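Encoded as structure tokens, the structure appears first; notes follow it.
The values are calculated or read from the model by the stated rules, or taken from the named source; none is laboratory data. This one's a predicted model, so the numbers in the text were calculated from it and none came from an experiment. Heads up, the Cβs are rebuilt from the backbone with ideal geometry, glycines too, and the neighbour counts pull from every protein chain shown.
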């Protein structure tokens, strides 16, 4: 499989997952069948896991809250951080889990219907997991930019309609 | 008082008005127009460059600079030009101008005077001819053709040369055709230029936007340095059109002559914009390369779509324009552009605006989003199908 092509396809889909196979094929100068097969492989190899939208939740009428939680854990022999991470990410409320360098170990993002629900999750579920030694919970107040997308982008079309 | 207009300089009153003006006014009155008529990048200048300008204002860099531009900027330009095998002394052979536009004017006024001919390949960007006329020269069109992918050929050039021929303008990668000249193509032209002792004004503003290969400057070829004025700038490569920073590289006698005009008419390019250009040249390569890659993808998309629609399109190897052949529709390029705008709300520029041999073609800028390109192509497709079905009836 052509690695350079895989990267280009992923790059385009990551920016805009709605691009059709035909459009991608034209943009990269490849046959549509080649692109279809490349995407198929990317999906089978779990390089591409899902196609989803970047949403500005603030524009919707929801009370949902997001918390970013720094978690310190005791790594375990042979499995390191992986088994604790697994125990954490299986909770439905947990949207992301990453191992971090620095002052804490795991960064966990949790989404709940309201603050109480998130607090309860942290105190009752997360903090009580064996080998979790400390948690620091930060409630997310506003997202300005996520995954390369600026939410209140005011850079509209400012060019003149026709220029030489 | 007699008619004011009659008392103006005939050189100015005889200048033809810009051919795009009518389309501009028409398009501006309409709603829901998709414009493929814009001759500038669709990116905003990268933030680090804008930020560098703001910082320079905070630091109080609001004075004149040296006439030739900030010395450190001239040094960065000289360094940058080495990638095209061009070696210029930043203290004597480089100057910063108010966009490539000022550079074109300076070059013309420095090289030609009444009685001289300027050779301008056609179709091409609209400013060379008026600048040559304003300098008092006569303009001789040198046609380029779709069959040659709009490259200038030595044959066509030879045929156009007169005893009065003084200077040749080159604009490659070309606006509006996207044509690019290979080293071999340029060598053929250089041979003619040397044989007929021509100066060359080489506008290389689109040099970075060369796809499938690296741009070659004619000034890098043997015997050309002392007869070539290289013009470039920040506008296209770094999405900095509104900053108006261009530059000229030329051997010392030519440069100092141009600098004289610049001293008296301009003083210097805006200081804060020069600071921004400095940041762009020092730290802007990554973002520039990303923009070029993005143009390249859209280039392939638009060319494939135009060919699918039945408007044959040669492969434009540079700049950000496709220049499809609309002769299969039976319309002139003006008619095509006007009807396309009125009936489908897509603005393009008729090729005839860029010179006689542009007739039968339209310029479509692909410096716009993939979504808009595809919607514009759907509309052009509908337009062309309607035209051809009418023709069958």
Listed by range, helices (runs of 4 or more DSSP H) wholly within region B:1-64 having at least 3 residues that are at the interface with another protein chain (Cβ under 10 Å from one of its Cβ atoms) are B:21-29
Exactly one of B:273, B:239, B:219 is assigned by TED's automatic domain parsing to the domain that holds residue B:106, under 21 Å from the mean Cα position of the chain (by Cα) and in a loop (DSSP other than H, G, I, E, B), and that one is B:239
Condition set closer than 22 Å to residue B:234 by Cβ and under 13 Å from the mean Cα position of the chain (by Cα), scope region B:103-123, selection surrounded by the most Cβ atoms within 10 Å (Cβ to Cβ): answer is B:103
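Could you list, in sequence order, all residues of region B:161-171 that are surrounded by fewer than 20 Cβ atoms within 10 Å (Cβ to Cβ) and in contact (Cβ under 8 Å) with a residue 12 or more places away in the chain? Even if it seems obvious, please write down each step before you answer.
Start the filter on region B:161-171 by keeping residues that are surrounded by fewer than 20 Cβ atoms within 10 Å (Cβ to Cβ), which leaves B:161-164.
Matches in region B:161-171: B:161, B:162, B:164.
Quick one: would you say residue B:108 is assigned to a strand (DSSP E or B), in contact with a helix residue (DSSP H, G or I) (Cβ under 8 Å, 6 or more places away or on another chain) and in contact (Cβ under 8 Å) with a residue 12 or more places away in the chain? First the steps, then the outcome.
Numbers: assigned to a strand (DSSP E or B): no; in contact with a helix residue (DSSP H, G or I) (Cβ under 8 Å, 6 or more places away or on another chain): yes; in contact (Cβ under 8 Å) with a residue 12 or more places away in the chain: yes.
Spelling it out, it is not the case that residue B:108 is assigned to a strand (DSSP E or B), in contact with a helix residue (DSSP H, G or I) (Cβ under 8 Å, 6 or more places away or on another chain) and in contact (Cβ under 8 Å) with a residue 12 or more places away in the chain.
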All-but-one check, residue A:63 against (1) assigned by TED's automatic domain parsing to the domain that holds residue A:128; (2) surrounded by 12 or more Cβ atoms within 10 Å (Cβ to Cβ); (3) under 21 Å from the mean Cα position of the chain (by Cα); (4) in contact (Cβ under 8 Å) with a residue 24 or more places away in the chain, failing number (2)
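Of the residues B:311, B:278, which is over 26 Å from residue B:100 (Cα atoms), over 20 Å from the mean Cα position of the chain (by Cα) and either at pLDDT 95 or above or within 13 Å of chain A (Cβ to nearest Cβ) (or both)? Lay out the reasoning, then the answer.
On the way: B:278 fails: over 26 Å from residue B:100 (Cα atoms).
That would be B:311, the only listed residue that is over 26 Å from residue B:100 (Cα atoms), over 20 Å from the mean Cα position of the chain (by Cα) and either at pLDDT 95 or above or within 13 Å of chain A (Cβ to nearest Cβ) (or both).
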The residue that is farthest from residue B:208 (Cα to Cα), considering only those in region B:300-316 that are crowded, with 22+ Cβ neighbours inside 10 Å and out of contact with any strand residue (DSSP E or B) (no Cβ under 7 Å at 6 or more places or on another chain), is B:305
Flagged in region A:1-26 as surrounded by fewer than 16 Cβ atoms within 10 Å (Cβ to Cβ), in a helix (DSSP H, G or I) and under 20 Å from the mean Cα position of the chain (by Cα), in numbering order, are A:7, A:10, A:11, A:14, A:15
Would a scan of region B:138-147 turn up a residue that is closer than 21 Å to residue B:319 by Cβ, surrounded by fewer than 24 Cβ atoms within 10 Å (Cβ to Cβ), at pLDDT 95 or above and within 14 Å of chain A (Cβ to nearest Cβ)?
no
